[in-house]
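Structure first, commentary second.
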Amino acid sequence: MSLTRGTYRIADEPIPGKLSRWVVNPLFPLLGGMLGGFAAGLLWFVVNGVGMGSATLKRELALVAGSLVVLVGGVFALGLLLSGRQDPTTVKLVVLAFQLVKLVALYALQFTQTRSFALHQYFGGTVANGIPLVLVLTIARIQLADSVPGLAVLVLL
Amino acid sequence: MSFVDHDFTTVAIHVESRLDRGDPLGAIELLRRFLAHAPDHAAAHAFLAHALVDARRLHAAELEEETALAAQPELGLAHVAMGRVLLARRRWKKAEEHLTTALELDPSDTSAYRTLAALHVAAGRDARAIELLEKAREQEPDDPALLAQLAERHLAAGRVGEAERLARDSIAERVTPAAIEVLGHVALRRGDTEGARQHVAWILHDYPMHEDALHLLAAIKARESWLLGLWWRWSTWMQGLGDGRSIGVLVGAFALYRTATILMEGTANASLIPLVQIGWYAAVIYTWVGPGLFQRMLDKELAKVALKPEF
């Protein structure tokens, strides 16, 4: 709790940062992560959270870090599990497992940030349009997909 | 009584009124202004926690509770509020501990009984919940919130007549959305759809911001049309899911879809893949479009509902 300018501030109320004019509805970083690549989505969520002074920023950062650790760990485990076994169905199921981890992380970030976003709006914070950046990230992903090394694709895209 | 405490008593009356009307944001604003002048007032922090729980701001509610309990560990109101926070977070054991403490501090605290009963309902122990509510009724036989909650339990157990009687007793003391909702469901059980709709109008007339109207409306739609009712039940259910379960539903659906299509490739069932894909895309479109569509249908439905003068 704190007293700010003679009013009482409740713990989860946002303290907007310098990036506050770039705050978007958390739905857009979610879309950005799905269409433009996982790493891009994560980065966007972090910037969005900082911008709106999210009260759950620590939790969001932990989710970002945790998901990356799980995915990188998964890549190492993959090398051990798949040695010599590369039938198409197994490979597709493994790729699906990575996709599911990313989806869980992206949705968890979106749900977590949505509450802070609602408060950001309630307290008159500006909300930018996220569609242009989603389009840019989608196009960038299509253009750059081939230049990302093999297993890094599983973590970054 | 100090000046601050006297001032708080006045504030508390207004806060309770706002919370009863389903306006936690209004309650929060009142308490915010009070706490600006008396930031160490434990009861105000406890009340703020209650309002924050109603506004579903659990993280902030928990922090306010910790402040209240740190300042005054034997404040029953604070223990009840903490019980509500922990109940919302599904931490049953800790919730029960705080509520039991609240009852030890004040055995006549009906709010503690009511919250404990809600905990038992959540844990599937309906009989125990009714037992607690009846015990609370011995202390406060005319508590309208208690009577309404008891009516809900009897309705859930199929005792429609008993539920109706208790709901009417509750309304005779003070009109609450919970009691009106019970009467609406009673009307629906008896096949009186129009009567049920009037109860929706009644809730909205007196409590424009209350959610109980939504539950009753979903039940009415279900009664009118199987398909439409399915849509309303599904949408109401999706809206009521917590974060974890929502993610589970969304990601689980994707996992099922992709696993099915991967396993079907190259088999005799490969021709079914387009059908599975259509089903999946329909589900995706629903998740993006559905909530907005549901809200528009709800707004349209609520605009149609008007309280008849003779009701």
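Yes/no per residue for (1) among the β-branched types (V, I, T); (2) modelled with pLDDT of 85 or more:
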| position | (1), (2) |
| --- | --- |
| A:V69 | yes, yes |
| A:G79 | no, no |
| A:F98 | no, yes |
| A:F117 | no, yes |
| A:T126 | yes, yes |
| A:N129 | no, yes |
| A:A140 | no, yes |
| A:D146 | no, no |
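Just a yes or no: is a residue in the stretch B:63-72 closer than 24 Å to B:R153 by Cβ and open to solvent by 50 Å² or more (accessible area, probe 1.4 Å)? There is no residue in the stretch B:63-72 that is closer than 24 Å to B:R153 by Cβ and open to solvent by 50 Å² or more (accessible area, probe 1.4 Å). Restricting A:K102, A:K58 to residues that are surrounded by 18 or more Cβ atoms within 10 Å (Cβ to Cβ), within 12 Å of chain B (Cβ to nearest Cβ) and under 15 Å from the mean Cα position of the chain (by Cα) narrows the list to A:K102. Scanning the stretch A:106-127 for residues that are touching a residue at least 24 places away in the same chain (Cβ under 8 Å), within 10 Å of chain B (Cβ to nearest Cβ) and either open to solvent by 60 Å² or more (accessible area, probe 1.4 Å) or more than 22 Å from A:P14 (Cβ to Cβ) (or both) turns up just one, A:R115. Selection of the stretch B:248-297 for residues being among the polar types (S, T, N, Q), within 13 Å of another protein chain (Cβ to nearest Cβ) and assigned to a helix (DSSP H, G or I) yields B:T259, B:T261, B:T287.
The set of residues in the stretch B:134-181 being among the small types (G, A, S), assigned to a helix (DSSP H, G or I) and surrounded by fewer than 17 Cβ atoms within 10 Å (Cβ to Cβ) consists of B:A156, B:G161, B:A172.
If we scan the stretch A:73-90, do we find a residue that is at the interface with chain B (Cβ under 10 Å from one of its Cβ atoms), under 19 Å from the mean Cα position of the chain (by Cα) and surrounded by 14 or more Cβ atoms within 10 Å (Cβ to Cβ)? For the stretch A:73-90, residues at the interface with chain B (Cβ under 10 Å from one of its Cβ atoms), under 19 Å from the mean Cα position of the chain (by Cα) and surrounded by 14 or more Cβ atoms within 10 Å (Cβ to Cβ): absent.
Residues of the stretch A:1-21 that are at pLDDT 80 or above and at the interface with chain B (Cβ under 7 Å from one of its Cβ atoms): A:Y8, A:I10, A:A11, A:D12. Basic (K, R) and either open to solvent by less than 20 Å² (accessible area, probe 1.4 Å) or free of Cβ contacts under 8 Å to residues at least 12 places away in the same chain (or both): is that true of B:R57 in this structure? Spelling it out, B:R57 is indeed basic (K, R) and either open to solvent by less than 20 Å² (accessible area, probe 1.4 Å) or free of Cβ contacts under 8 Å to residues at least 12 places away in the same chain (or both). Which of the following residues is under 20 Å from B:W288 (Cβ atoms), surrounded by 11 or more Cβ atoms within 10 Å (Cβ to Cβ), of a type outside the set (D, E) and away from every other protein chain (no Cβ under 14 Å): A:L144, A:L133, A:L68? It is A:L133. Taking the criterion of being part of a helix (DSSP H, G or I), open to solvent by less than 80 Å² (accessible area, probe 1.4 Å) and modelled with pLDDT of 70 or more, the residues of the stretch B:216-230 that qualify are B:L216, B:L217, B:A218, B:A219, B:I220, B:K221.
The values are calculated or read from the model by the stated rules, or taken from the named source; none is laboratory data. Quantities reported herein were computed from a predicted structural model and do not represent experimental measurements. A quick note on method: Cβ atoms are made from the backbone with ideal geometry, for glycine too, and the neighbour counts reach across all protein chains shown. For accessibility, only protein heavy atoms count, side chains too; no ligands or nucleic acids. Shrake-Rupley method; radii C 1.70, N 1.55, O 1.52, S 1.80 Å.
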